[in-house]
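Trainee: Before we start, here is the structure in question, set down as structure tokens.
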Amino acid sequence: MAVANKPSALERVTSDPVSRRKLLAVTGGSTALAAFLAACGSDSSSTTTTMGNGGGKTGTEQFGKGDVGILNYALTLEYLETAFYADVVKSGLFKGSDLATIRKFGSEEAEHVTALTGFVKQMGGTPAPKPKTEFPLKSAKSVLELAATVENLGAAAYLGQAPNIKGASVLAAALSIHSVEGRHAAALNTLLGESITPDGAFAKPAGADEVLKSVEPFIVG
Amino acid sequence: MSDQILAQPELAGVNIDTDSEDISRSEVILKGALAAGAVYGALAVGPFVGRALAMAESGDVGILNFALTLEYLEAAFYKEAKTRAKASGDLKSLIELVGRDEEEHVGALTETIKKLGGKPVAEPKFDFPYNGTAGFLKLAQTFEDTGVSAYNGAAPQIKAKEVLEAAGSIVQVEARHAAAIRLQNKEEPAPEAFDPALPEAKVLKAVEPFIA
């Protein structure tokens, strides 16, 4: 992944909750509810198509074909989250229960890394390499805001890929991680005094292109 | 894809913690129902469960009706809690927010089932055994965690991509509710790295005691 030369939209907006929400709304693309209802149009045959990558691009092709590509994309995001929490723990910005929460979330992301690596190998793929990362860790508040942004984006990323997954076992695993990312996001939003459901009753998905663009500034090699 | 992946212990099954010293009455009821179901099998299931199981034959509509039943339960639970849970401050706002979300889920699922040519299940009458704010919160945590596991268990069987997208967008919201309710209970918002998946029959047995 290329090194970003300019500050990203994400970096600029992490200190501004309003534009951060806007970013999430934009990266969320079409609402799931719209898709939900669109699925129920008069053309009933369109609602019985099988799932899979067959038709369109998933945006994860650079990580491998099909489910392996999606898993490696998820693995890259989990590596990033794991490294982020490890850096935050080392930063000394947090103590007490907030530090305990950060440690817990970090260890869960590390478990996701291990599981995804195992899946990729089981499927005969090569796990994506661990990226070199760097995060701005200026203050406790800005770090919590970045954590919330990353988790909300992570949850949206899984939601965006779930319908592209072919294997039922891979889908089940992705879903079991997806809802944990949603839990992390809601807990961080609560710590920040923000809505636990920034998208309302229906969470919005994010496509791989948007997600990768958003995390690019944190990947330095 | 082999099923071996699911054999990984951290991804398989659901933990029902019978060793916990801190068991609410509702959890006892829930566990009792699960145990009774295991002992007596299909004969023990009530008319509600039978009706819902019959629905399961019809693919995505069946899954949507299963989800609708859970959303009815949650929506009724939070609606009643507005006056019954004796909540104030942040919890009061949370009950309103979560209740509104569950009602929106009921509306969307009902509409979708109709558009798919199915018949939405009727709303059952519910009976929630709890006392006060603490009792409400314990039951809320059980419902939200069960809801997450129910969607996660059902979603891989969904055929239509769009229905899967919708189920995913709802389960994420349920997970967010679960985390917020858990924080109110001073518990880990995300207790495990992998949320368990529950099969439909187990979920129906778990909610059966709350159907009046």
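The values are calculated or read from the model by the stated rules, or taken from the named source; none is laboratory data. Worth saying up front: this structure is predicted, and the values here are computed from it rather than measured. In this analysis, Cβ positions are derived from the backbone assuming ideal geometry, glycine residues included, and neighbour counts consider all displayed protein chains.
Trainee: Across the stretch B:176-195, which residue is surrounded by the most Cβ atoms within 10 Å (Cβ to Cβ) among those that are under 15 Å from A:LEU175 (Cα atoms) and facing chain A (nearest Cβ under 7 Å)?
Mentor: Checked the stretch B:176-195; the qualifying residue surrounded by the most Cβ atoms within 10 Å (Cβ to Cβ) is B:ARG176.
Trainee: Here is a list: A:GLU151, A:GLU145. Which entry is within 11 Å of another protein chain (Cβ to nearest Cβ) and among the acidic types (Asp, Glu)? Steps first, answer last, please.
Mentor: On the way: A:GLU145 fails: within 11 Å of another protein chain (Cβ to nearest Cβ).
The conditions single out A:GLU151.
Trainee: May I ask you to say which residue of B:SER169, B:SER149 is part of a helix (DSSP H, G or I), in contact with a Leu (Cβ under 7 Å, 6 or more places away or on another chain), buried (at least 23 other Cβ atoms within 10 Å of the Cβ) and touching a residue at least 60 places away in the same chain (Cβ under 8 Å)?
Mentor: The conditions single out B:SER149.
Trainee: Suppose we filter B:ALA87, B:ALA122, B:ALA81 for residues that are assigned to a loop (DSSP other than H, G, I, E, B) and buried (at least 18 other Cβ atoms within 10 Å of the Cβ); which single one remains?
Mentor: The conditions single out B:ALA87.
Trainee: So, one more: State all residues of the stretch A:178-217 that are among the basic types (Lys, Arg) and crowded, with 24+ Cβ neighbours inside 10 Å; if no residue qualifies, say none.
Mentor: A:ARG183, A:LYS204
Trainee: Now for a different question. In the stretch A:118-142, which residue that is touching a residue at least 60 places away in the same chain (Cβ under 8 Å) and either within 14 Å of chain B (Cβ to nearest Cβ) or among the small types (Gly, Ala, Ser) (or both) is farthest from A:LYS57 (Cα to Cα)? Before you say what the answer is, go through the steps one by one.
Mentor: As a first pass, look at the stretch A:118-142 and keep what is touching a residue at least 60 places away in the same chain (Cβ under 8 Å): A:125-126, A:128, A:131-136, A:142.
Now drop any that are not either within 14 Å of chain B (Cβ to nearest Cβ) or among the small types (Gly, Ala, Ser) (or both), which leaves A:125, A:128, A:142.
On the way: A:GLY125: 19, A:ALA128: 19, A:SER142: 35 Å.
Top of the filtered list is A:SER142.
Trainee: Also, quick follow-up: For A:THR197, all conditions in the list (1) in a loop (DSSP other than H, G, I, E, B); (2) more than 7 Å from every other protein chain (Cβ to nearest Cβ); (3) among the hydroxyl-bearing types (Ser, Thr, Tyr) hold save one; what is the number of the exception?
Mentor: It is condition (2) that A:THR197 fails.
Trainee: Is it the case that the stretch B:95-115 has a residue that's assigned to a helix (DSSP H, G or I) and at positive phi?
Mentor: Taking every residue of the stretch B:95-115 in turn, none turns out to be assigned to a helix (DSSP H, G or I) and at positive phi.
Trainee: Okay, next question. Considering each residue of the stretch A:154-173, count those that are outside any helix (DSSP H, G or I) and either at the interface with chain B (Cβ under 7 Å from one of its Cβ atoms) or surrounded by 23 or more Cβ atoms within 10 Å (Cβ to Cβ) (or both), and give that number.
Mentor: Residues of the stretch A:154-173 outside any helix (DSSP H, G or I): A:165-167.
Next, from what is left, pick out any that are either at the interface with chain B (Cβ under 7 Å from one of its Cβ atoms) or surrounded by 23 or more Cβ atoms within 10 Å (Cβ to Cβ) (or both): A:165, A:167.
Within the stretch A:154-173, residues that are outside any helix (DSSP H, G or I) and either at the interface with chain B (Cβ under 7 Å from one of its Cβ atoms) or surrounded by 23 or more Cβ atoms within 10 Å (Cβ to Cβ) (or both) number 2.
Trainee: Mind counting the residues in the stretch A:88-109 that are more than 8 Å from every other protein chain (Cβ to nearest Cβ) and surrounded by fewer than 18 Cβ atoms within 10 Å (Cβ to Cβ)?
Mentor: Total satisfying the criteria: 12.
Trainee: Scanning the stretch A:178-194 for residues that are farther than 19 Å from A:VAL215 by Cα and either at the interface with chain B (Cβ under 7 Å from one of its Cβ atoms) or among the basic types (Lys, Arg) (or both), which turns out farthest from the chain's Cα centre (by Cα)?
Mentor: My answer is A:THR190.
Trainee: Now for a separate question. Regarding A:LEU77, is this residue at pLDDT 95 or above, closer than 16 Å to A:VAL211 by Cβ and more than 12 Å from chain B (Cβ to nearest Cβ)?
Mentor: Numbers: at pLDDT 95 or above: yes; closer than 16 Å to A:VAL211 by Cβ: yes; more than 12 Å from chain B (Cβ to nearest Cβ): yes.
Yes: the conditions hold for A:LEU77.
Trainee: Applying the selection to the stretch B:95-134, what residues are out of contact with any Ser or Thr (no Cβ under 9 Å at 6 or more places or on another chain), away from chain A (no Cβ under 14 Å), farther than 25 Å from B:ASP60 by Cβ and without any contact (Cβ under 8 Å) to a residue 40 or more places away in the chain?
Mentor: The answer is B:ASN131, and nothing else.
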